[in-house]
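The values are calculated or read from the model by the stated rules, or taken from the named source; none is laboratory data. On a predicted model such as this, the values are computed, not experimentally measured, just so you know. Cβ: placed from backbone, ideal geometry, glycine included. Neighbour counts: every protein chain shown.
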Amino acid sequence: MGIAMIVRPHDISANRSSSIDEYIERIRRIVDRVRKEGDIALIELTKQFDGVEPEYIKVPPEEIDKAYEVVDDEIIDALEVARQNIERFHSITCVDREIFIDFDDAMLGKRYVPLDSAGIYVPGGRASYPSTALMAGIPASIAGVRRIVACTPPDERGKVKPLTLVACDIAGIDEVYAVGGAQAIAALAYGTETVKPVDKIVGPGNIYVTAAKIFVSKDVPIDMPAGPSEVLIIADESANPKFIALDALAQLEHDPMALAVVLTTSEKLAEKVQKIADELGSDLDLKNLKIAVVSSIDEAIEISNRFAPEHLELIFDDADRYLEKIRHAGSVFVGEYSPVAAGDYASGTNHILPTAGYAKRFAGLSAETFLKHITFQKLSRDGLKRMGLAVIRLAKAEGLPFHAKSIEERLKE
């Protein structure tokens, strides 16, 4: 299955997903087919890619009621704990919906309003990820989105897994569809007979889902490119090598294309992490675990900012002081008791994060993802007069005489 490799620092991106153009070309045909054939395409593509005929496209309400009967109460309790923490964090960070600024002769402001609808992709291929339903559905509910829908691949029975259905219900998701992959993204973007299109598509997925999101983003906005998953860990000699190895392995179990990088100032720690990973990760392909020795924490931070990881762990003395130096990362985990797994499930932030360097341009998902702002202004005559001459001159300079006249007429004595 391959072993963990100790590499040079500048080699850590060697196996990172580069251009996804080739995947976009592959999914183009899938998207076009869904747009033309609708539900029939969803059913046939599900047979082709998932090897199962879906029992339904839209999950009937009674299936959700049945799901509660088969999911263990302790798991439901765990989902509720996660819900409470996610809700608490995103509610606190999304409070100011209206901003008013009074300039005496002019009132300016901004109102944040929710999207009418949002579509969530909940992965369900190699494993079931009900936590994603919580991570997207709860912030969307907090934002006030009127219609929240989810797409997730059907299981071997052609149905949505009960645990996923329970999570969707707890998260406040209104509609669930048993469809995954690029075809699900196409359905959310353009609609079919059963699936109504949405105003924005969010959620993580494999490389095909990510490529599909990028492809349809010319017509429907997305949250960010999110997948395959990755972690970068910065550690010194004080770190626990087993913790680091386990966090790296946890990342790799997501997807064959997932990536784990360890940057450390200690050769001894690098060797220990490599040994432990090889011992514990014998069932995983470790070719995408890269360990590199750096000269200093500052060098590691510099590499990390260039790399812009989805998840960044800082496990070294006085790590808090370095937070202000982090410019590009999806989410940061400080200290040896802040593993990525905590953020994946229940600490309250979010696990839907930009990957493949997109953290340089995108932020992780939050309630703000589902809001848009509308600015407004109310000017008095004095307020218009104060800026009127400037507006008139600029309008004339741009060759727009009626813009200028609309001001001049109002300011006539």
Within the range 317-327, identify whether any single residue is surrounded by 19 or more Cβ atoms within 10 Å (Cβ to Cβ), touching a residue at least 24 places away in the same chain (Cβ under 8 Å) and outside any helix (DSSP H, G or I), and answer yes or no. no
Answer residue from the range 346-369, given it is more than 15 Å from Pro309 (Cα to Cα) and among the hydroxyl-bearing types (Ser, Thr, Tyr) and is surrounded by the most Cβ atoms within 10 Å (Cβ to Cβ) among those: Thr369
So for the range 208-226 (the condition being over 18 Å from the mean Cα position of the chain (by Cα), aliphatic (A, V, I, L, M) and modelled with pLDDT of 95 or more), does at least one residue qualify? no
When the residues of the range 87-126 are narrowed to those that are among the polar types (S, T, N, Q) and surrounded by fewer than 18 Cβ atoms within 10 Å (Cβ to Cβ), which ends up nearest to Ile142 (Cα to Cα)? Ser91
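Yes/no per residue for (1) of a type in the set (Ser, Thr, Tyr); (2) in contact with a Gly (Cβ under 6 Å, 6 or more places away or on another chain):
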{"position": "Asp32", "(1), (2)": "no, no"}
{"position": "Glu53", "(1), (2)": "no, yes"}
{"position": "Tyr56", "(1), (2)": "yes, no"}
{"position": "Val70", "(1), (2)": "no, no"}
{"position": "Asp73", "(1), (2)": "no, no"}
{"position": "Phe89", "(1), (2)": "no, yes"}
Pairs, first at positive phi in the range 163-186, second crowded, with 24+ Cβ neighbours inside 10 Å, C-beta under 6 Å, six or more apart: Gly172/Gly137
Determine which member of the set Ala390, Ala359, Ala395 is outside any loop (DSSP other than H, G, I, E, B), out of contact with any strand residue (DSSP E or B) (no Cβ under 6 Å at 6 or more places or on another chain), within 30 Å of Ala258 (Cβ to Cβ) and not assigned by TED's automatic domain parsing to the domain that holds Ile207. Ala359
Residues in the range 233-240: is at least one small (Gly, Ala, Ser), over 29 Å from Lys372 (Cα atoms) and buried (at least 24 other Cβ atoms within 10 Å of the Cβ)? yes
Residue among Ser229, Ser238 that alone is over 18 Å from Arg35 (Cα atoms) and touching a His at 6+ places or on another chain (Cβ under 6 Å): Ser229
Filter the range 303-312 for residues that are in a strand (DSSP E or B) and among the hydrophobic types (A, V, I, L, M, F, W, C) and give the result. Leu312
In the set Ala178, Ala143, Ala150, Ala136, the lone residue that is farther than 23 Å from Phe89 by Cβ and small (Gly, Ala, Ser) is Ala178
Take Ala270 and decide whether it is modelled with pLDDT of 95 or more, crowded, with 20+ Cβ neighbours inside 10 Å, closer than 27 Å to Ile352 by Cα and small (Gly, Ala, Ser). no
Test Ala300 against the stated conditions and say whether it is more than 14 Å from the chain's Cα centre (by Cα), surrounded by fewer than 20 Cβ atoms within 10 Å (Cβ to Cβ), of a type outside the set (Lys, Arg) and assigned to a helix (DSSP H, G or I). no
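Listed here are the residues, each with its yes/no results for (1) at positive phi; (2) free of Cβ contacts under 8 Å to residues at least 24 places away in the same chain; (3) touching a Gly at 6+ places or on another chain (Cβ under 7 Å); (4) assigned to a loop (DSSP other than H, G, I, E, B).
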residue: Leu314; (1), (2), (3), (4): no, no, no, no
residue: Gly343; (1), (2), (3), (4): no, no, no, no
residue: Ser347; (1), (2), (3), (4): no, no, no, yes
residue: Glu368; (1), (2), (3), (4): no, no, no, no
residue: Ile407; (1), (2), (3), (4): no, yes, yes, no
Of residues in the range 198-230 being touching a strand residue (DSSP E or B) at 6+ places or on another chain (Cβ under 7 Å) and among the basic types (Lys, Arg), the one surrounded by the most Cβ atoms within 10 Å (Cβ to Cβ): Lys213
Does Asp236 satisfy the criteria of being outside the structural domain of Ala182 (by TED's automatic domain parsing) and more than 22 Å from Val332 (Cβ to Cβ)? no
